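**Q** Here it is: the structure, laid out below.
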């Protein structure tokens, strides 16, 4: 079913990774493991991965809860100038908007692409005095290729700082009416696992150079509000938002930031920037089942979307939201989850709550709320407010 | 593994859902999608065809989907990884409610210890060795269940990979295995079992055992939390797709359950005399697995989208949601009317509005199956 047996292992993580991370995170992992025993886990699988030998002298004593960071993770990439970005699938659409915004901000930009024609149409759109452009042909599901991509970037620019996982599989398939199960496998590989692939290869490099790194994923408003009746797309987009949240928990104590970009409608069909028609799209209209709109596009301009992503990067926003009109609907989703908590006649047993103490809150959210209280002059500026 | 494009699901579903799909299809162009991937799937365009007209917004259901399995007695349940832990709790609760129960298992010893725990006058207990990542195994399983009990009504995707691995450190095979068991196995089960449920028409239901880690990823073990969040998303997406059929959907997100040493209140787990290395022993402090199972069955008879059992997680969940809402940017300039119209089909999702209404109904008990 998968190519997993032929997949090589990710490069060994340098020891520095373990050292750089704050101690509390490591301890959190250890203790988190303990509580996971009861968190909806079947023992089924535990047995596969755990050694069968019981510990000598009974289970280990739980050490006290380690201290937590008091403030949100400082933004690792506050100054973009001269830094290097790699954006997958950036020869068109939102990816191109992000790549152009990054280039305009003075970054050296690596453009992941698969279609030569589209790349050819995209390259002239970068400013003449750009800091550097490197196109890289890359299929994000190819794990061997990820290591080669990093080598290519290091060869050209020395280092990589910003990794934008923008490639996405657009599929009309429903979970309940898959033409083939391969439809699911492919969407999951591109929309979800590709981000993990990027982390497996790029994170050790980020930690090694120590100049700060950042992972962004282009999810979708469908990753927060699955209103579209297209479950393969919405489920994989929800999953990848979760992956970024999980990575924030893990990387909060390092110099590597994390953001999930969740756009609503963006004009990816016909336009590249306000009033700039997309030459590739003009020559290659979308197929008939993919209606092209007549008249001015109603969505957000891709270059504006790109600027908003970079504003999120320099601020290290966990969620880069660009379309406020979706948020009332999103709140109803959360309300439905909260309303599903049982209203019990008796409070939960004290011993249980005590045992769960380490997972009843995730500190990243508390700190993100604090982070968001800071006023911001602009959500499009690629330089920090001074 | 492929099947013909047209399944009973297509027929069974009301027209309006199809209409929405078509309509939102257009919009999805801009929803975070790279055209990169679009071009791969699309057939090469020969002559440009005129854009199809978007059908008007179809009427929506006014109330949440009625529970397809209101009466469990005599119905057939399949619980993956049902020989131990939460799965065994669900299987016993289902059996106690009069269901014929099929236990998925992989470990003979554990199964042997589990079987005597079912009541002597059960409606039927049958065990099938099954690896949930084996897609051909799912087909064989459905055939075996159909042969034994005729029909299958309830599938509980309970098997889960527990891994303490961080997503930032996981080896490829650790990641792939967790994704295959925690996420893709659900899709496997739907692919094989949904057509059967729609065909017999007596009502069906899919449950997934996710975790509170799927709603509040507080644990510093990203392979686990990310795959559990994805599993919750799969079940929500399934609700959207199946709302107008007679197949229900629930995701169970438990907090602490005594899966280590106990199989029921005061009943020590015979298969669990020894803890795996490194696992703290919580004794009997957590929720009893049988109680967890009863809460799942209560969620099934009510067709709850989210079956939550541990109210102590509510403030932490609220914090997560608040942080997402706090990320809403200010409306700097009026949003063009055309954009809102363009997005109208996806800027809200009716299943949640209806779920909020559904949850306003008082419930005498969260554990009864009647």
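**Q** Once you put a point 7 Å from the Cα of residue B:363 and another 7 Å from the Cα of residue B:126, both along the Cβ direction, what distance in nm separates them?
**A** Result for the modelled spin labels: 3.0 nm.
**Q** What number, in percent, do you get for the relative contact order of segment A:201-266 if the mean sequence gap of Cα pairs under 8 Å and at least 6 apart is divided by its residue count?
**A** Relative contact order, segment A:201-266: 45 percent.
**Q** Follow-up question, since we're still on this one. How much length is gained on full extension from residue A:134 to residue A:376, taking 0.36 nm per residue of separation minus their Cα-Cα distance?
**A** Gain on extension, residue A:134 to residue A:376, equals 83.9 nm.
**Q** Right, another one. Separation of segment B:68-147 and segment A:103-175 by C-alpha centroid, Å?
**A** Each part reduced to its Cα centre gives a spacing of 49 Å.
**Q** Could I ask something else about it? For peptide A:244-253, compute the average count of partner chain beta-carbon atoms within 10 Å of each residue's beta-carbon.
**A** 6
**Q** Over all residues in B:63-70, what is the mean tally of Cβ atoms on other chains that come within 10 Å of each residue's Cβ?
**A** Average neighbour count from other chains, rounded to a whole number: 0.
**Q** Ok, one more. Using R₀ = 45 Å, calculate the FRET efficiency as 1/(1 + (r/R₀)^6) where r is the Cβ-Cβ separation of residue A:117 and residue A:68; round to 0.05.
**A** Efficiency, from the Cβ-Cβ distance: 0.35.
**Q** Now for a separate question. Between residue A:151 and residue A:127, 0.36 nm times their residue separation minus their Cα-Cα distance comes to what?
**A** 6.1 nm
**Q** Percent antiparallel among DSSP beta bridges with both residues in segment A:84-330, to the nearest 5?
**A** Among the beta bridges of segment A:84-330, antiparallel pairing accounts for roughly 5 percent.
**Q** Taking a quarter of the surface of the Cα convex hull of segment A:84-330, what do you get in nm²?
**A** Orientation-averaged projected area of the Cα hull: 13.3 nm².
**Q** Using a 10 Å cut-off on Cβ to Cβ distances, tally the other chain neighbours for every residue of B:97-109 and report the average as a whole number.
**A** Across the residues of B:97-109, the mean count of other-chain Cβ atoms within 10 Å is 1.
**Q** If we sort B:208-217, B:291-300 on the protection proxy, mean other Cβ atoms within 10 Å, highest first, what's the order?
**A** Ranked by mean Cβ neighbours within 10 Å, highest first: B:208-217, B:291-300.
**Q** In addition: How high is the relative contact order of segment A:84-330, given as a whole-number percent (alpha carbon pairs under 8 Å, six or more residues apart)?
**A** 21 percent
**Q** Taking other Cβ within 10 Å of each residue's Cβ, how do B:225, A:330 sort, fewest first?
**A** A:330, B:225
**Q** Each label point is 7 Å from the Cα along the Cα-to-Cβ direction; what then is the distance between the points at residue B:200 and residue B:60, in nm?
**A** So the two model labels end up 3.3 nm from each other.
**Q** Also, quick follow-up: Calculate the spin-label point distance for residue B:112 paired with residue A:350, positioning each point 7 Å from the Cα along the beta-carbon direction, and give it in nanometres.
**A** Taking the two extended label points, one gets 4.3 nm.
Quick note: the coordinates plus some simple rules give every number you see, no bench work behind them. In this text, all values refer to a predicted model and were calculated from it rather than measured experimentally. Don't worry about glycine lacking a Cβ; one is built from the backbone with ideal geometry, like all the others, and counts go over all protein chains shown.
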